[in-house]
Amino acid sequence: MGKVFFTSKATAKNGRDGHVKSDDGLIDFDLVNPLSKRDVKGSNPEQLFAAAYSACFDGALNKVAKKKSLTIDSETTAEIGFLEDDADSGFKIQADLYVEINGVSPEQAEELVEAAHQVCPYSKATRGNIEVKLHPIAK
């Protein structure tokens, strides 16, 4: 096992219709299940995962570009779908990563996104567990 650089901590109570709070208090809000409360504003686990995955992936992308001595300007949007899991009558998630990269050709964008997908910790964690579709966009 590798060296642990830091640990983040958050606690959820009462699941999708509950509350989530980080140990430092920066995250501290009620959760809203969009399946049962469409008219109520609030976050949900998929939205939080989308924020985390997009930030992590964009960081990995910039690290890969830097190693290749490329200067890029990037933006990653993660769309996390919540869907039925036919295998066990439960639920599962899927991810679509839309990665806009300024300063490279379409071929370079595809290469960078594929490389980032290999090193991103969230991509590693989801590999083989959920479907992740990559959408590189050169600008």
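Just a few scattered comments:
- Residue within the range 62-75 that is within 21 Å of I93 (Cα to Cα) and either polar (S, T, N, Q) or in the same structural domain as E114 (by TED's automatic domain parsing) (or both) present: no
- Restricting the first member to the range 55-69 and to residues that are among the aromatic types (F, W, Y), and the second to residues that are part of a helix (DSSP H, G or I) and crowded, with 17+ Cβ neighbours inside 10 Å, the beta-carbon pairs closer than 9 Å and six or more apart or on different chains are F57/V113; F57/A116; F57/H117; F57/Y122; F57/S123.
- Single unsatisfied condition, L35 versus (1) part of a helix (DSSP H, G or I); (2) assigned by TED's automatic domain parsing to the domain that holds D17: (1)
- Answer residue from the range 1-36, given it is over 27 Å from L83 (Cβ atoms) and among the hydrophobic types (A, V, I, L, M, F, W, C) and is modelled with the lowest pLDDT among those: M1
- Taken over the range 1-13, the criterion of being more than 12 Å from P45 (Cβ to Cβ) and in contact (Cβ under 8 Å) with a residue 12 or more places away in the chain is satisfied by S8, K9, T11.
- Output for the range 84-139, where each listed residue is of a type outside the set (A, V, I, L, M), part of a helix (DSSP H, G or I) and farther than 17 Å from L48 by Cα: P106, E107, Q108, E110, E111, E114, H117, Q118, K124
The values are calculated or read from the model by the stated rules, or taken from the named source; none is laboratory data. Since we're looking at a predicted model, the values are computed, not measured. Positions of Cβ are backbone-derived with ideal geometry, glycine not excepted, and every protein chain shown enters the neighbour counts.
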